[in-house]
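The values are calculated or read from the model by the stated rules, or taken from the named source; none is laboratory data. Nothing here was measured: the structure is a model prediction, and the numbers come from that model. Backbone-built Cβ (ideal geometry, glycine too); neighbour counts: all protein chains shown. These area figures cover heavy atoms from the full protein model, side chains too; ligands, DNA and RNA do not enter into them. Shrake-Rupley method; radii C 1.70, N 1.55, O 1.52, S 1.80 Å.
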Amino acid sequence: MKPIPDGAVAYRRTAEFNEENVPEVWLRPHSTKRGRWAKITVIEGQLLYVINGDSREEIRLDADHFGVVEPGVGHFVKPLGKARFYLEFYR
């Protein structure tokens, strides 16, 4: 998982989601647009964050460990039980 580049600016934050209302598209492989990064912040519980880049990475996210979405790289999330989280987008 790469870090969000220095100088990237946050431009949008989603509402909070949980295991019951996570958008369906986030549960299956998808990617962000060119030049668009995202930070996945878990407030409560855990998410499995799967990155399908050059190699497959599976990372458990929790309140102490956030995820970074790289532009154009396939990924998805899976709540591991009860969870609350949001995404913040950068360019």
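Do you know which of the residues in region 25-45 that are of a type in the set (Val, Ile, Thr) and either assigned to a strand (DSSP E or B) or under 13 Å from VAL73 (Cα atoms) (or both) is most open to solvent (accessible area, probe 1.4 Å)?
Taking the candidates together, the pick is ILE43.
Which of the residues spanning region 1-24 are open to solvent by less than 60 Å² (accessible area, probe 1.4 Å), touching a Lys or Arg at 6+ places or on another chain (Cβ under 8 Å) and β-branched (Val, Ile, Thr)?
Of everything in region 1-24, just one residue is open to solvent by less than 60 Å² (accessible area, probe 1.4 Å), touching a Lys or Arg at 6+ places or on another chain (Cβ under 8 Å) and β-branched (Val, Ile, Thr), namely ILE4.
Given the criteria more than 20 Å from ILE4 (Cβ to Cβ), basic (Lys, Arg) and out of contact with any helix residue (DSSP H, G or I) (no Cβ under 9 Å at 6 or more places or on another chain), does LYS82 qualify? Break it down into steps so the answer makes sense when it comes.
Numbers: more than 20 Å from ILE4 (Cβ to Cβ): yes; basic (Lys, Arg): yes; out of contact with any helix residue (DSSP H, G or I) (no Cβ under 9 Å at 6 or more places or on another chain): yes.
The answer is yes for LYS82.
PHE85 fails exactly one of the following numbered conditions: (1) among the aromatic types (Phe, Trp, Tyr); (2) open to solvent by 30 Å² or more (accessible area, probe 1.4 Å); (3) part of a strand (DSSP E or B). What is the number of that condition?
Unmet for PHE85, out of (1) among the aromatic types (Phe, Trp, Tyr); (2) open to solvent by 30 Å² or more (accessible area, probe 1.4 Å); (3) part of a strand (DSSP E or B): (2).
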